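First up is the structure itself, then whatever we jot down about it.
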Amino acid sequence: MKFFILNQRYFVIASVVVLALASGVLALAMDSWFWVPAAIFGVLVLVGLHDLYQNKHSILRNYPISAHIRFILESFRPEIRQYLLESDQDEIPFSRQARGLVYQRAKGVEDKRPFGTIEEVYKSGYSWITHSVAPKHITDTDFRVRVGGPHCKQPYDCSLYNISAMSFGALSGNAILALNKGAKKGGFAHDTGEGSISRYHREGGGDLIYQVASGYFGARNEDGSFSEEKFAVTAADPQVKMIEVKLSQGAKPGHGGMLPSAKITPEIAEARGIPMGQDCVSPAAHSVFNTPIGLMEFIGRLRDLSGGKPVGFKLCIGHRREFMSIIKAMLKTGITPDFIVVDGKEGGTGAAPVEFANRVGMPMQEGLTFVHNALRGAGIRDQIKIGAAGKIVSAFDIARTLALGADWCNAARGFMFALGCIQAQSCHTNCCPVGIATQDKIRQRALDPGDKSERVARFHKNTMHALAEITGAAGLTDPRNFMPYHFMVRQKDNEFVDGNEAYPYLPEGFLLQDTELPELHEWHSRWGRASAETFDPKEIPTGPYKRAQAIAGEKAAQ
């Protein structure tokens with residue numbers, strides 16, 4: 001008995017062997033139909049024997065056959081959790097409540113809910129809009145902002161809500177086509193991502209923001225270097241309304257990428273301008289410039305080569321001093337970008353190493369507030385428009401982001417939900433269950449570009465309508481008039497503060513003044529360490545303890 005107890009883990013394979021033999025005997029003695037179960041159990045016996053002698057998985061050697069149940073359950077664990085276990089508010093990474101809102105608005109069905117909020121309104125971090133007793137009624141919901149600084153010859157009237165960067169290659173052709181058709185129907189812009197402009201973008205006919213990343217796809221020579229001639233041809237396309245230089249992205253700031261040759265199709269090679277049969281490398285850094293001044297000069301070149309279209313750059317904030325170095329380069333060269341897109345570290349449709357996705361980069365709200373105030377401090381905020389991206393899917397998300405300093409918002413995953421994304425989180429496997437993030441032709445067929453483009457346009461339209469309602473409730477006539485004081489933020493379970501306290505607008509030009517403001521010492525200190533000539537620090541700042549010790553030492557010496 002003790003022997004059987006100690007070896008009960010082999011019960012399944014032993015039972016399968018017995019059933020296979022019994023089925024074979026019955027097939028010979030009674031009825032040939034017993035060969036069917038005999039064959040099934042025979043296959044399971046072979047699986048069990050393989051499990052016993054393979055050396056990659058210890059659990060299979062100890063639990064032959066039955067351990068496969070673990071792997072099967074693990075393969076659809078995200079779906080089980082999403083549909084059966086998580087609450088409406090669990091953000092993994094988007095809550096069911098947020099996804100449901102997008103689905104409803106994309107389908108054009110009722111998006112109201114009864115019985116009050118399910119938000120924990122007394123929990124730290126909760127925020128709300130302060131409404132007016134004299135609300136306004138807004139009829140025109142086509143909210144736009146003009147992008148184009150003093151050196152721009154072809155400014156663009158950009159919607160306040162646009163499709164963020166997602167490349168063809170990461171997304172399927174049908175997904176790109178549906179997004180771009182939806183953008184054309186709804187009158188908003190579609191960022192190409194670093195994969196350049198594909199035939200699906202061109203077929204859709206919608207407005208494009210052409211992204212130029214470190215791989216220079218669509219504007220590169222055979223050796224991967226930047227080609228002015230090819231860029232000029234790509235940028236001259238009437239669909240291209242703005243050009244965006246990508247310095248980093250929220251999903252994996254400071255990390256390059258590689259598309260293996262096995263995944264490169266003729267269509268991807270055509271769009272990116274790369275050869276077939278070779279790995280496609282996106283370096284972590286640009287090769288055209290390596291200094292803040294170099295970046296500004298590159299932006300100036302792109303603006304000239306594009307015929308004066310708006311040119312800007314996108315980044316996730318890391319070292320704040322480096323961004324101040326870029327601002328100093330703007331002041332020194334007299335070249336300013338037409339726009340800056342601040343990507344939050346919480347963003348990211350692309351697959352990224354866990355450490356990067358979880359622990360690298362600044363979240364959008366803090367990054368946006370810093371960029372907005374740094375430009376104000378340098379006295380050039382009025383010359384540059386700011387876009388922002390990072391889990392922006394509702395009208396409240398847009399309103400709050402505008403209040404923090406953005407001029408418009410972008411969303412990637414929100415529009416993926418509008419396409420029918422179910423948050424399976426299998427984007428990197430080429431096995432997307434709804435045909436969005438895959439190059440598998442059969443899986444792509446699940447996505448009908450005609451139907452989904454209607455949903456994309458409808459989601460945008462209904463979100464803009466909701467933004468108009470929430471704007472009017474605050475007593476405003478335009479969402480661009482939202483300011484931090486229109487919001488309240490609960491910082492502790494029993495305390496809340498005005499938005500002006502949580503996210504203040506700092507004084508115009510304070511970084512350029514001779515007199516340092518004591519309460520903004522850290523800003524002045526960081527500004528002093530920034531250089532237009534290099535991204536490298538002039539000195540390594542010491543912490544408060546070391547600074548205090550140094551001061552104490554100096555006093556003792558005196």
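The values are calculated or read from the model by the stated rules, or taken from the named source; none is laboratory data. It should be emphasised that the depicted structure is a prediction, and the values quoted were computed from it without experimental measurement. Ideal geometry is used to build each Cβ from the backbone, glycine not excepted, and the neighbour counts take in all protein chains shown. Side chains are part of the model used for accessible areas, which takes the heavy atoms of the whole protein and leaves out ligands, DNA and RNA. Shrake-Rupley method; radii C 1.70, N 1.55, O 1.52, S 1.80 Å.
For the stretch 380-387, state whether one or more residues are open to solvent by 20 Å² or more (accessible area, probe 1.4 Å) and hydrophobic (A, V, I, L, M, F, W, C). Walk me through it before giving the result.
We begin by selecting, within the stretch 380-387, every residue open to solvent by 20 Å² or more (accessible area, probe 1.4 Å); these are 381-383, 385.
Those left that are additionally hydrophobic (A, V, I, L, M, F, W, C): none.
Checking the stretch 380-387: not a single residue is open to solvent by 20 Å² or more (accessible area, probe 1.4 Å) and hydrophobic (A, V, I, L, M, F, W, C).
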One residue is enough: does the stretch 307-321 have a residue meeting the conditions more than 25 Å from Ile163 (Cα to Cα) and surrounded by fewer than 17 Cβ atoms within 10 Å (Cβ to Cβ)?
yes
What is the one condition in (1) surrounded by 17 or more Cβ atoms within 10 Å (Cβ to Cβ); (2) farther than 13 Å from Arg220 by Cβ; (3) under 25 Å from the mean Cα position of the chain (by Cα) that Met258 does not satisfy?
(1)
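Restricting attention to the stretch 279-290, report how many residues are open to solvent by 30 Å² or more (accessible area, probe 1.4 Å) and over 15 Å from Asp223 (Cβ atoms). Working first, answer last.
Keep residues of the stretch 279-290 that are open to solvent by 30 Å² or more (accessible area, probe 1.4 Å), which gives 279, 281, 283-285, 287-288, 290.
Among the residues that remain, those that are also over 15 Å from Asp223 (Cβ atoms) are: 284-285, 290.
Residues in the stretch 279-290 being open to solvent by 30 Å² or more (accessible area, probe 1.4 Å) and over 15 Å from Asp223 (Cβ atoms): 3 in total.
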Residue that is nearest to Lys184 (Cα to Cα), among those in the stretch 438-453 that are open to solvent by 10 Å² or more (accessible area, probe 1.4 Å) and outside any helix (DSSP H, G or I)
Asp448
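So which helices (runs of 4 or more DSSP H) stay within the stretch 243-333 end to end and still have 3 or more residues that are modelled with pLDDT of 95 or more?
Numbers: elements: 266-272, 292-305, 320-333.
Qualifying helices (runs of 4 or more DSSP H): 292-305, 320-333.
Quick check on the stretch 227-242. Is at least one of its residues more than 26 Å from Asp157 (Cβ to Cβ) and buried (at least 21 other Cβ atoms within 10 Å of the Cβ)?
Going through the stretch 227-242, the residues more than 26 Å from Asp157 (Cβ to Cβ) turn out to be 227-230.
Imposing the further condition that a residue be buried (at least 21 other Cβ atoms within 10 Å of the Cβ) reduces the set to none.
So far as the stretch 227-242 goes, no, none of its residues is more than 26 Å from Asp157 (Cβ to Cβ) and buried (at least 21 other Cβ atoms within 10 Å of the Cβ).
State yes or no: is Glu120 surrounded by fewer than 13 Cβ atoms within 10 Å (Cβ to Cβ), out of contact with any strand residue (DSSP E or B) (no Cβ under 9 Å at 6 or more places or on another chain), modelled with pLDDT of 80 or more and closer than 30 Å to Val497 by Cα?
Numbers: surrounded by fewer than 13 Cβ atoms within 10 Å (Cβ to Cβ): yes; out of contact with any strand residue (DSSP E or B) (no Cβ under 9 Å at 6 or more places or on another chain): yes; modelled with pLDDT of 80 or more: yes; closer than 30 Å to Val497 by Cα: yes.
Answer is yes for this residue.
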Criterion: open to solvent by less than 10 Å² (accessible area, probe 1.4 Å) and of a type in the set (A, V, I, L, M, F, W, C) - qualifying residue of Ile293, Ile326, Ile274
Ile326
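One line per residue, one yes/no per condition, for (1) modelled with pLDDT of 95 or more; (2) closer than 26 Å to Asn162 by Cα; (3) assigned to a loop (DSSP other than H, G, I, E, B):
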site	(1), (2), (3)
Asn430	no, yes, yes
Ile436	no, yes, yes
Arg455	yes, yes, no
Leu467	yes, yes, no
Ile470	yes, yes, no
Leu476	yes, yes, yes
Tyr485	yes, yes, no
Gln491	no, no, no
